[in-house]
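To start, the structure under review is shown below, and the notes come after it.
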Amino acid sequence: MENNQNNQEQEPKEIVREVIVERRTGFNYPEMIIIMLIAILFGFLLGNIISYTKGYSSSDEELKEFVATYEDIVNNYYEDVDKEQLLDAGIKGMINYLDDPYATYFEGESSAAFNESLEGTYQGIGIQVTYQENNKVITTVFDNSPAAKAGLQVNDIIVKIDDEDMTLKSLDQTVEVIKSKGENKDFNITVNRNGEEKTVTVQVTTLSLPQITSNIYEQENKKIGYLKIEIFSSNIAEQFESALKELEEEGIDRLIIDVRDNPGGYLTQTTDILSLFMSKDQVLYQLQTKSDTEKVYGTKKKVDRDYPVAVIINQESASAAEILAAAFKENLNSEIVGVKSYGKGTVQKTDDLENGDTIKYTVQKWLTPKGNWINEEGVAPTQEVELELAEGETLTDENDTQLQKAIEVICQK
């Protein structure tokens, strides 16, 4: 039930407008101590870390003073202190202190949704559901999912889960009931199909989010492949390469990559995708820290793909999407069609806390292959085309002016 704004199994993808360069699972023991101590420096002298400081010793007198202060507050503060909330407040204090527009503390369900969207997997049965006339209607059934194997179909209306009536429950409540069944455990879903109730048995399992859309357009005796990347999740390079090979087997001689509304994602995935087109002697992008600038090159000695590529961008193409567009523009002189991109030239890392929450913050700037920093500037298109739809008009291939311009210019290559 993912990949849809009306879908309640994940947060809107706008929460992941960043490039991720590193992920770890939790802080180690000394790091948790340091986090709490530094939090004090930022004005969050609110409680104690007794459960986190047991057995800890330091030759640093200042750190000892902080530990002593924690203990003093625990023993003498006039009210009870919730240690978990205190830890959250300390970490939030550090994140707020950074004055970093991309530094965020994700709690609970927001953390899970953030991680699901980036990992490219989710727990579900493989359907998208929307409200239509007070009914919860299945609008998509993903291929090879438990829902597909059980025989669920588009336009089925969810009526019951096991013996529990879903007709008066919200979409969010319905999703929670499905998730609560537990992974790999059978349960029944009853749907209304054309006025007749049908019951099927399904399982919640871990599924890959489909993040690639592909198509082929034929024009002027040219066969043009089309791939749209929704987000640079942790498995997107594999999905992209598989879809690309299928297009190549169909005999495409040109390619359009669409990263409109793509908010970013994992930098390693961007590297892998670019390396399908660019070799080891080509700079894909550069990473700049406080003291150093590193050039990142392609990962292959030789790249056989020599057909022209165009990239479509818009004002919501950010971060990893901008890295991809800039690399094609500066390395291969590819046409970039659309409007100027978002303009996010920084790189974030994420850390998963032991309590299940997630923090992210900026660690680097990224530069284009030629060393340009596009922060707050964006990648400029070589073919500037606005997308304008009349009120109430639905976007189609025919009225998609940016897509049509991309097809036009790629045919001229």
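What follows is calculated from the coordinates using simple rules that are stated; it is not laboratory data. What you see is a predicted model; the values in this text were computed from it and never measured. Counting neighbours? That spans all protein chains shown, and the Cβs are built from the backbone with ideal geometry, glycine included.
Here are a few things to note about the model shown:
- Whole-angstrom gap from the range 386-402 to the range 217-242, using each part's C-alpha centre: 21 Å
- Length added when fully stretched, residue 245-residue 148, from 0.36 nm per residue minus Cα-Cα: 32.4 nm
- Mean Cβ neighbour count within 10 Å, used as a protection proxy, ranking 130-141, 311-322, 397-408 highest first: 311-322, 397-408, 130-141
- Residue order for 248, 218, fewest other beta carbons within 10 angstrom first, comes to 218, 248.
- Between residue 395 and residue 221, the C-beta separation translates, for a Förster distance of 22 Å, into a calculated FRET efficiency of about 0.20.
- Per-residue Cβ neighbour rank within 10 angstrom, fewest leading, 328, 277: 328, 277
- Pairwise Cα distances in the range 121-208 exceed 14 Å in 60 percent of cases.
- Likely footprinting exposure, 305, 193, fewest C-beta neighbours within 10 Å first: 305, 193
- Qualifying aspartates and glutamates (Cα of each under 12 Å from Cα of residue 344; at least 8 residues distant if same chain): 18, 316, 322, 376, 377
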